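Notes follow the structure.
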Amino acid sequence: MSAPAPVRLLVGSEELLLRRAADTLLDELRAGGALDVVDVRAADVRERGLPDLATGSLFGDPRAVVVRDAQELPTEAASVLLAMLDGPPPEATVILLASGTGRIQALARRVKERGGRTDVAPPRDWEEQRWAQLVADEFRRHGRSADKAAVAAVLGHAGTDVATIAEKVAQVAAGAPAGRVSAAAVDALVVGHGSRGSFAVADAMCDRNPDQALELLRGVLEAGDDPVMVLGALSYRLRSLVAVAGNLDGGAVGLNISPGQARRLKAVRRNFGPGELTGAYRELARADYEIKAGELPPAFALERAVVAVATRAAAAS
């Protein structure tokens, strides 16, 4: 059996899944013992160069260097790693986490030839078993287990968004009673009494479902969410829709939009006809003014805005 590649490359669009895959590799390298780990980003490498890969650990422990955003590695660093693949084995295993390989194609190709590349992708929307496994794995990371109904409840609250799933599982794992987590515990602990919180209101609103949006909004407000924060979630969703519709880079306009979210938002965007998103912005801006100026009870101002945006005829006016 050939020796493991000294450079491992994990490629995928979801940073959280890349991090999870890296943790699995680190556990394998640790093999029940100690492991000296250095964690850097490509920007750090650009400023200070690669960490020392030739010197062993002071205590003789295996070493690993994790490089995030590796698709942005400078040419010099990529060349060093490329040469290392064909030279004497280094003292440290290098684990590269990259969203793509455009700038490091030569390195990526050689790593793949050495058997060191792994593509990391979230489940497809229809792969229910893989989504359920992802939720179960998240619970295990927190030292918890959950029954099938609890896993389904998490997915009902979080949808197929990896970061949201991780957030909800962490929330439930920290607060659920000892023992196997149940669906009742999930519903009791997730913000909004099982409504998936303010973003669930935003989803129903953008699905143009006024009855559901209003029901979810009232649940969120009854749970004690600040109306200003709820309005912020609604505004964030609309801004995300506009950014995706305009093919804008979410990060450039202060939004965190994963590729999976972008695909879903493009589908949601079709719920709004010409001028309707502008009308929706007007409704939320009016609610913001009314809440902050104290002219109307905050709950009423929010309800009126949500129903206006969710109702097609009103949004088109």
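Miscellaneous remarks
- For the range 110-132, filtered to residues that are among the charged types (D, E, K, R) and part of a loop (DSSP other than H, G, I, E, B), the residue that is nearest to residue 80 (Cα to Cα) is 114.
- Candidate set: the range 1-15, residues that are surrounded by fewer than 17 Cβ atoms within 10 Å (Cβ to Cβ) and over 14 Å from residue 71 (Cβ atoms); chosen: the one modelled with the highest pLDDT: 4
- Candidates 52, 44, filtered to the one that is acidic (Asp, Glu), within 26 Å of residue 31 (Cα to Cα) and in the same structural domain as residue 19 (by TED's automatic domain parsing): 52
- Filtered by the rule that a residue be part of a helix (DSSP H, G or I) and surrounded by fewer than 19 Cβ atoms within 10 Å (Cβ to Cβ), the range 215-226 gives 215, 218, 222.
- Residue pairs meeting the criteria (Cβ under 7 Å; at least 6 apart or on separate chains; first of a type in the set (Lys, Arg), in the range 226-255; second in a helix (DSSP H, G or I) and modelled with pLDDT under 85): 237/199
- Residue within the range 161-183 that is closer than 30 Å to residue 311 by Cβ, in contact (Cβ under 8 Å) with a residue 40 or more places away in the chain and either assigned by TED's automatic domain parsing to the domain that holds residue 271 or part of a loop (DSSP other than H, G, I, E, B) (or both) present: yes
The values are calculated or read from the model by the stated rules, or taken from the named source; none is laboratory data. Small disclaimer: the values here were computed from a predicted structure and weren't measured. We place every Cβ from the backbone using ideal geometry, glycine too, and count neighbours over all the protein chains shown.
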